[in-house]
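One structure below.
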Amino acid sequence: MQLKIGEWLRKYLDRTLKENETTTMSYPPPIAKTIGFELVDVSQASATLKLQTDPAIHGNPMGTVHGGVLCDLADAAIGTAHATTLGENESFTSIDLRINFFRPLWKDEIRATARGVQMGKTVSFYSCEIIRSDGKLVAVATSSVLTLSGESAKGR
């Protein structure tokens with residue numbers, strides 16, 4: 001039985017998926033395994049991912065967590081949030097991604113929460129806050145996302 005992505009993700013989180021329940025989205029994506037993040041919350045146009053950072057794995061030459069890791073995390077949170085809004089025969093692609101860094105990060109558990117700010121029929125805008133375990137803001141990313149339909153969505 002094919003479920004809408006948002007419903008499938010909620011059941012995935014609740015561990016109530018039945019063997020025959022599928023969706024069009026592959027989850028978790030390979031990048032989640034590579035970097036080590038996991039989904040912890042999802043609702044309509046919103047998703048939260050968590051990551052245990054470690055400069056020995058995620059570090060830059062200066063010894064802090066590499067900004068590209070935070071970009072990947074934000075992009076994945078935004079993509080997961082947007083996927084919850086998709087209808088049948090729809091997919092999406094990012095148009096842009098911008099990130100502002102506010103403080104360095106070392107070994108910590110962080111959360112990236114993406115929320116839809118402006119939802120359009122074809123272009124939507126998201127914001128994603130990345131927060132340390134002490135509640136301090138590490139970075140904010142924003143992204144415009146293009147919803148693809150019909151033939152444009154095939155193979156994505």
| message | Here is a check on your reading of the model: is P55 more than 20 Å from S127 (Cα to Cα) and either touching a Lys or Arg at 6+ places or on another chain (Cβ under 7 Å) or open to solvent by less than 30 Å² (accessible area, probe 1.4 Å) (or both)? | response | yes
| query | Restricting the range 12-44 to residues that are closer than 21 Å to I57 by Cα and more than 13 Å from the chain's Cα centre (by Cα), which is least open to solvent (accessible area, probe 1.4 Å)? | reply | T34
| message | Let me spell it out: the conditions are (1) surrounded by fewer than 13 Cβ atoms within 10 Å (Cβ to Cβ); (2) within 24 Å of I5 (Cβ to Cβ), and A77 meets all of them except one. Which number is the exception? | response | (1)
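Identify all residues within the range 1-50 that are among the acidic types (D, E) and closer than 21 Å to S143 by Cα; write none if there are none.
Residues of the range 1-50 that are among the acidic types (D, E), as a first pass: 7, 14, 19, 21, 38, 41.
Those that are among the acidic types (D, E) and closer than 21 Å to S143 by Cα: E38, D41.
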| note | Out of (1) open to solvent by less than 30 Å² (accessible area, probe 1.4 Å); (2) closer than 18 Å to E129 by Cα, the one I5 does not meet is (2)
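Mind listing whichever residues of the range 13-41 are of a type in the set (G, A, S) and within 22 Å of S91 (Cβ to Cβ)? Step through it out loud before you land on a result.
First, pick out the residues of the range 13-41 that are of a type in the set (G, A, S): 26, 32, 36.
Correct list: S26, A32.
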| remark: Picked from the range 103-129 (must be over 18 Å from V145 (Cβ atoms) and assigned to a strand (DSSP E or B)), the residue most open to solvent (accessible area, probe 1.4 Å) is R111
| Between residues in the range 12-24 that are without any contact (Cβ under 8 Å) to a residue 40 or more places away in the chain and residues that are open to solvent by 90 Å² or more (accessible area, probe 1.4 Å) and among the aliphatic types (A, V, I, L, M), which pairs lie under 7 Å by C-beta distance while being six or more apart or on different chains? | N20/M1; E21/M1
| Residue in the range 130-156 that is least open to solvent (accessible area, probe 1.4 Å), counting only those that are of a type in the set (S, T, N, Q) and closer than 15 Å to D96 by Cα | S143
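Of all the residues that make up the range 13-48, how many are of a type in the set (D, E) and in contact with a helix residue (DSSP H, G or I) (Cβ under 8 Å, 6 or more places away or on another chain)?
Adding up the residues that qualify gives 3.
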| Conditions (1) without any contact (Cβ under 8 Å) to a residue 60 or more places away in the chain; (2) surrounded by 19 or more Cβ atoms within 10 Å (Cβ to Cβ); (3) touching a strand residue (DSSP E or B) at 6+ places or on another chain (Cβ under 8 Å); number of the one not met by D72 | (3)
| task | Just one of (1) surrounded by 13 or more Cβ atoms within 10 Å (Cβ to Cβ); (2) over 12 Å from the mean Cα position of the chain (by Cα) trips up A83, so point out which. | result | (2)
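The values are calculated or read from the model by the stated rules, or taken from the named source; none is laboratory data. Please read these numbers as outputs of a predicted model, since none were measured by experiment. Please note: Cβ atoms are built from the backbone with ideal geometry, for glycine as well, and neighbour counts cover all protein chains shown. With ligands, DNA and RNA removed, areas are computed over all heavy atoms of the protein, side chains included. Shrake-Rupley method; radii C 1.70, N 1.55, O 1.52, S 1.80 Å.
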